[in-house]
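**Q** Take a look at this one; I'll ask things after.
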Amino acid sequence: NAGVTQTPKFQVLKTGQSMTLQCAQDMNHEYMSWYRQDPGMGLRLIHYSVGAGITDQGEVPNGYNVSRSTTEDFPLRLLSAAPSQTSVYFCASSYSRVASIDEQYFGPGTRLTVT
Amino acid sequence: DAKTTQPPSMDCAEGRAANLPCNHSTISGNEYVYWYRQIHSQGPQYIIHGLKNNETNEMASLIITEDRKSSTLILPHATLRDTAVYYCIVEYGGATNKLIFGTGTLLAVQP
């Protein structure tokens with residue numbers, strides 16, 4: 001298994017541009033999520049999905065859209081990039097939506113800079 | 001807001017046990033304690049979790065006090081590769097898997 005993969009690894013955007021961060025998992029996991037991590041901070045939840053066709057907002061959803069058309073993929077779209085969205089983005093997945101049953105597996109991250 | 005308090009940093013000598021404390025004085029009866037770690041900008045990695053009994057796996061042991069207001073993660077024989085930020089997280093066990101990460105403890109293992 002490749003686990004959780006994220007592309008691209010690095011990205012530089014200009015303010016106002018849009019882009020999609022890709023996340024895929026090959027473990028048939030039900031639950032997937034996106035976090036962002038700013039320098040010196042912990043991770044903050046952006047959006048999550050408990051299954052194909054179902055998504056919901058986390059702590060910091062503004063400026064981001066998600067969709068889950070397949071079990072494997074959970075792309076994160078930045079609608080109009082702003083410098084405040086400069087961060088490292090992590091995708092995660094787990095077999096169960098229930099926290100106590102299964103651990104979350106994290107991808108390697110995408111480092112995004114918005115100028 | 002994170003429901004836990006951890007020291008910002010700790011040192012440990014290589015080969016010795018690393019004991020990482022976590023305070024969670026407002027924990028409720030159905031909330032679990034989870035530990036993850038993040039090695040230098042990589043994605044976080046699950047270590048262990050528990051409700052009230054002590055837990056052990058191949059990576060670490062988790063000791064939860066009887067009143068459940070604090071816990072300790074023990075790495076029995078720390079190596080240089082264990083240098084990382086360790087996050088203690090409290091979350092309702094039946095909840096959707098929405099873990100809230102604080103700023104964690106930076107454990108520096110010294111040779």
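**Q** Under 6 Å by Cβ, and 6 or more places apart or on different chains, what pairs join a residue from segment A:34-53 that is facing another protein chain (nearest Cβ under 7 Å) with one that is among the polar types (S, T, N, Q)?
**A** Short answer, once both residue conditions are applied: A:42/B:103; A:43/A:37; A:48/A:33.
**Q** Any residue at all in segment A:4-15 that's in contact with a helix residue (DSSP H, G or I) (Cβ under 7 Å, 6 or more places away or on another chain), surrounded by fewer than 19 Cβ atoms within 10 Å (Cβ to Cβ) and within 17 Å of residue A:113 (Cβ to Cβ)? If you could, list the steps in order and put the result at the bottom.
**A** Looking only at segment A:4-15, we keep the residues that are in contact with a helix residue (DSSP H, G or I) (Cβ under 7 Å, 6 or more places away or on another chain), and these are A:15.
Retained after the next criterion (residues that are surrounded by fewer than 19 Cβ atoms within 10 Å (Cβ to Cβ)): A:15.
Still in the running and within 17 Å of residue A:113 (Cβ to Cβ): A:15.
Yes, segment A:4-15 contains at least one residue that is in contact with a helix residue (DSSP H, G or I) (Cβ under 7 Å, 6 or more places away or on another chain), surrounded by fewer than 19 Cβ atoms within 10 Å (Cβ to Cβ) and within 17 Å of residue A:113 (Cβ to Cβ).
**Q** Answer yes or no as to whether residue B:41 is exposed (fewer than 13 other Cβ atoms within 10 Å of the Cβ) and free of Cβ contacts under 8 Å to residues at least 12 places away in the same chain.
**A** So residue B:41 fits the description; yes.
Let's see how each residue does on (1) in a loop (DSSP other than H, G, I, E, B); (2) β-branched (Val, Ile, Thr); (3) away from chain A (no Cβ under 14 Å); (4) surrounded by 13 or more Cβ atoms within 10 Å (Cβ to Cβ):
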{"site": "B:47", "(1), (2), (3), (4)": "no, yes, no, yes"}
{"site": "B:53", "(1), (2), (3), (4)": "yes, no, no, no"}
{"site": "B:66", "(1), (2), (3), (4)": "yes, no, yes, no"}
{"site": "B:73", "(1), (2), (3), (4)": "no, no, yes, yes"}
{"site": "B:77", "(1), (2), (3), (4)": "yes, no, yes, no"}
{"site": "B:81", "(1), (2), (3), (4)": "no, no, yes, no"}
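**Q** Which of the residues spanning segment A:92-115 are assigned to a loop (DSSP other than H, G, I, E, B), small (Gly, Ala, Ser) and at pLDDT below 95?
**A** The answer is A:96, A:99, A:100.
**Q** While we're here: Going residue by residue through segment A:89-98, is there one that turns out to be in contact with a Phe, Trp or Tyr (Cβ under 6 Å, 6 or more places away or on another chain), crowded, with 17+ Cβ neighbours inside 10 Å and without any contact (Cβ under 8 Å) to a residue 12 or more places away in the chain? Working first, answer last.
**A** Narrowing segment A:89-98 to residues in contact with a Phe, Trp or Tyr (Cβ under 6 Å, 6 or more places away or on another chain): A:90-94, A:97.
Imposing the further condition that a residue be crowded, with 17+ Cβ neighbours inside 10 Å reduces the set to A:90-94, A:97.
If we keep only those that are without any contact (Cβ under 8 Å) to a residue 12 or more places away in the chain as well, we get none.
No; the residues of segment A:89-98 include none that is in contact with a Phe, Trp or Tyr (Cβ under 6 Å, 6 or more places away or on another chain), crowded, with 17+ Cβ neighbours inside 10 Å and without any contact (Cβ under 8 Å) to a residue 12 or more places away in the chain.
The values are calculated or read from the model by the stated rules, or taken from the named source; none is laboratory data. Quantities reported herein were computed from a predicted structural model and do not represent experimental measurements. Here Cβ is always computed from backbone atoms with ideal geometry, including for glycine, and neighbour counts include all displayed protein chains.
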